[in-house]
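Read the figures in this text as sums done on the coordinates, not as results from a lab. These numbers come from a predicted model, not from an experiment. A quick note on method: Cβ atoms are made from the backbone with ideal geometry, for glycine too, and the neighbour counts reach across all protein chains shown.
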Amino acid sequence: MSPQEFLLLNQPRLSHPARTLYCLHLRRLAVQHQPVPINYPELGRALAVEDPQVPGGFSYQVTARQLTQLFDELIQAGLIQLQAATASSDHYHQQYVTLPLLISQVAPLAQQAFAMHTEWQPDNQFTGLCQLCGLIDPHYDEEERGEFIAYWLGRPERFSTQHQWMMKFVKMLKSRRYQRRQTENIGYQQTTVATAAQNISTEPSQRALEMIAHAQQLKQGENHE
């Protein structure tokens, strides 16, 4: 039952027979917003309450007029809608109603937890999950998947849902790629430093050679004196 249905069914002006008619009968007959046929005799028998003190008797019954009033309550509350206008009719027998607030799609069952197995692989929600977790490239190779499976096969006591296993896999991929980037950056820096060091010449420059030669000439001149 949707929150909106629950709210409308708890309106003080809605009678208990009207709630019973909606919850136990009309809602049961409605399937994915298909129109529900109204059959007064059938609904009258469904709402009747047998009297345990009187064999074959009833402690509660509804007449055709009362059924019409119950349908009026549900229509005014917004819980049902007539498929066709019936302003001139005194009843709703053999007409059709729809339940606009009835959720047509059944919510999926909660995922069940399971242990890791050799055939495990991410499902079609994996790409979107990677994007949400900041993993730009969702692609992976079989070696990465195999290592992940092998790691968790060694922990058979751990049970997780498919979503949780995929989250663990995303975390592993992010960690591996971060480490790979760090290694590549360190290697690049080392290569750059080595290249720069190689570019630094160990030989004296031309200017230095000229200064050395000039100093030697001066020294020789002093020795001759």
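Net charge within 10 Å of G57 by Cβ-Cβ distance, Lys/Arg positive one each and Asp/Glu negative one each, not counting G57 itself?
Here the charged neighbours net out to -2.
What relative contact order, as a whole-number percentage, does the range 3-98 give when Cα pairs under 8 Å and 6 or more residues apart are counted?
Here the relative contact order equals 33 percent.
List the GluC sites (Glu not before Pro) within the range 119-193 that fall in a DSSP loop (any state other than H, G, I, E or B) and whose Cβ has at most 15 other Cβ atoms within 10 Å.
Taking the range 119-193 and a limit of 15 other Cβ atoms within 10 Å, the loop GluC sites (Glu not before Pro) found are E119, E157.
Can you order the peptides 74-80, 159-165 by their average number of other Cβ atoms within 10 Å per residue, highest first?
Ranking the peptides 74-80, 159-165 by packing returns 74-80, 159-165.
Using R₀ = 30 Å, calculate the FRET efficiency as 1/(1 + (r/R₀)^6) where r is the Cβ-Cβ separation of T183 and M211; round to 0.05.
0.05
Of the listed peptides 174-182, 42-50, what is their order by residue-averaged count of other C-beta atoms within 10 Å, with the highest listed first?
The packing order, highest mean first, is 42-50, 174-182.
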